[in-house]
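Comments concern the structure below.
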Amino acid sequence: MGVPGEFVFQVDSNVIATPPPITRPTRPTLPPTSYKPTAVTTSRPPQTTATTSKNGLDRNCGCTRNKIWLDIVAVMDNSLSMGREGFSQVQSNLASIVGELSLNTAPGYSSRIALVSFASSAINVADLNTFNDTTSFNEKLFAIPLANDDKVNILSGLQMANTILGKGVVSNRRRVVILYTSAYDDTGSESPVSLSLNMREDNIRIITVAFSQKMGSDEVNKVGKLAWPTYNFTNEQLNLQDRMYDALCQTNCFCPPNWQQYTTDITNQYSSGYGVCLYLSSITSAWIPASYGCGTEAPGAYLVTETTEQKHDFNLGI
């Protein structure tokens with residue numbers, strides 16, 4: 001979760017005055033909105049790297065891949081529809097993604113990952129408490145066989161993932177599903193749409209990777225409707241691995257309870273976030289007392305900045 005950043009105070013008109021010249025230390029660069037996961041939510045966020053945004057005014061979420069802390073369930077189509085060659089490519093892609101993460105079931109700068117395979121039904125290959133290193137993960141991953149089954153039941157895979165993520169929830173770890181599939185069908189009783197929407201409401205972010213076969217139909221690309229907005233990808237994208245990391249990094253960027261993350265659009269809960277957390281004061285104050293007050297609330301905190309109309313509108317909307 002995020003690092004406390006800017007405070008939003010209301011200043012009464014009758015106390016507004018130009019502050020006297022004062023000497024201030026250089027304002028510290030705040031880290032991205034992430035914090036070290038523990039069994040409780042009282043830990044202070046760790047210091048990590050933030051990057052300058054495109055407009056140079058507010059920090060983008062920083063991301064160090066081997067310090068991402070997420071709970072991830074990889075849900076893989078291993079049906080005959082995927083094929084041996086296709087499934088091998090899925091395994092290689094997932095191994096490449098996980099290879100830059102740190103796996104550990106204990107709290108800290110590390111992620112937990114579970115494995116689910118599915119054809120006509122889903123199999124729980126490994127739960128979140130299985131892996132403490134990438135070597136054992138790869139051994140288990142590449143030992144998954146191709147099923148002698150040509151049916152693709154995405155619903156069964158998501159149901160299994162949802163069950164896994166519902167056990168032993170750690171409140172300051174975000175939850176992610178990475179779904180690989182070679183086919184998609186949202187008709188009938190096995191439609192996965194309703195469940196995916198429920199998972200989205202539960203703040204579980206689904207990353208979809210549509211695996212299009214050569215000379216095959218592009219119908220599988222419709223699986224993207226199950227994804228968290230902008231987290232829908234295809235196997236044919238040249239920058240697939242980087243885009244998947246971006247999705248993981250954005251998921252790993254959030255603020256502590258009672259703090260509001262600055263985003264590109266306050267009216268859209270799915271808009272991209274910046275590496276800035278805002279706290280709205282519940283009492284009015286003059287400028288100088290407010291500046292001192294916010295600095296004592298959290299390390300590195302300072303009064304909110306409004307260098308763009310977008311930031312001004314966001315502050316008013318909190």
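Take the conditions (1) farther than 19 Å from Gly168 by Cα; (2) buried (at least 16 other Cβ atoms within 10 Å of the Cβ); Val125 misses just one of them, which is (1). Checked against (1) over 14 Å from the mean Cα position of the chain (by Cα); (2) over 17 Å from Ala161 (Cα atoms); (3) surrounded by fewer than 22 Cβ atoms within 10 Å (Cβ to Cβ), Asn232 passes all but a single condition, namely (1). Taken over the range 263-289, the residue count meeting the criterion of being closer than 27 Å to Cys249 by Cβ and part of a loop (DSSP other than H, G, I, E, B) is 9. Selection of the range 158-193 for residues being charged (D, E, K, R) and out of contact with any helix residue (DSSP H, G or I) (no Cβ under 7 Å at 6 or more places or on another chain) yields Lys167, Arg173, Asp185.
Which one is farthest from Gly317 (Cα to Cα) among residues in the range 251-262 that are over 15 Å from the mean Cα position of the chain (by Cα) and in a loop (DSSP other than H, G, I, E, B)?
Of the range 251-262, the ones over 15 Å from the mean Cα position of the chain (by Cα) are 257-260, 262.
Filter once more, so that each one left must be in a loop (DSSP other than H, G, I, E, B): 257-259.
On the way: Pro257: 18, Asn258: 15, Trp259: 14 Å.
Applying the filter and picking the extreme gives Pro257.
Entry remark, the range 105-145: residues being modelled with pLDDT of 95 or more and either among the aromatic types (Phe, Trp, Tyr) or outside the structural domain of Glu190 (by TED's automatic domain parsing) (or both) number 4 in total. Residues in the range 134-160 that are over 18 Å from Ser79 (Cβ atoms) and without any contact (Cβ under 8 Å) to a residue 24 or more places away in the chain: Thr135, Ser136, Glu139. Scanning the range 53-64 for residues that are modelled with pLDDT of 80 or more and either buried (at least 19 other Cβ atoms within 10 Å of the Cβ) or in contact with a Lys or Arg (Cβ under 9 Å, 6 or more places away or on another chain) (or both) yields Arg59, Asn60, Cys61, Gly62, Cys63. Scanning the range 290-304 for residues that are in a loop (DSSP other than H, G, I, E, B) and at negative phi returns Ala298, Pro299, Ala301, Val304.
How many of the residues in the range 263-292 are more than 30 Å from the chain's Cα centre (by Cα) and surrounded by fewer than 17 Cβ atoms within 10 Å (Cβ to Cβ)? Spell out the reasoning first.
Applying the first criterion (more than 30 Å from the chain's Cα centre (by Cα)) to the range 263-292 yields 283-292.
Still in the list and also surrounded by fewer than 17 Cβ atoms within 10 Å (Cβ to Cβ): 283-284, 286-289, 292.
Of the residues in that region, 7 qualify.
Restricted to the range 65-87, and to residues that are of a type in the set (Gly, Ala, Ser) and under 27 Å from the mean Cα position of the chain (by Cα), which residue is surrounded by the most Cβ atoms within 10 Å (Cβ to Cβ)? By that ranking, first place goes to Ala74.
The values are calculated or read from the model by the stated rules, or taken from the named source; none is laboratory data. Fair warning: this is a prediction, and the values are worked out from it, not measured in the lab. As a convention, Cβ positions derive from the backbone with ideal geometry for all residues, glycine included, and neighbour counts pool all protein chains shown.
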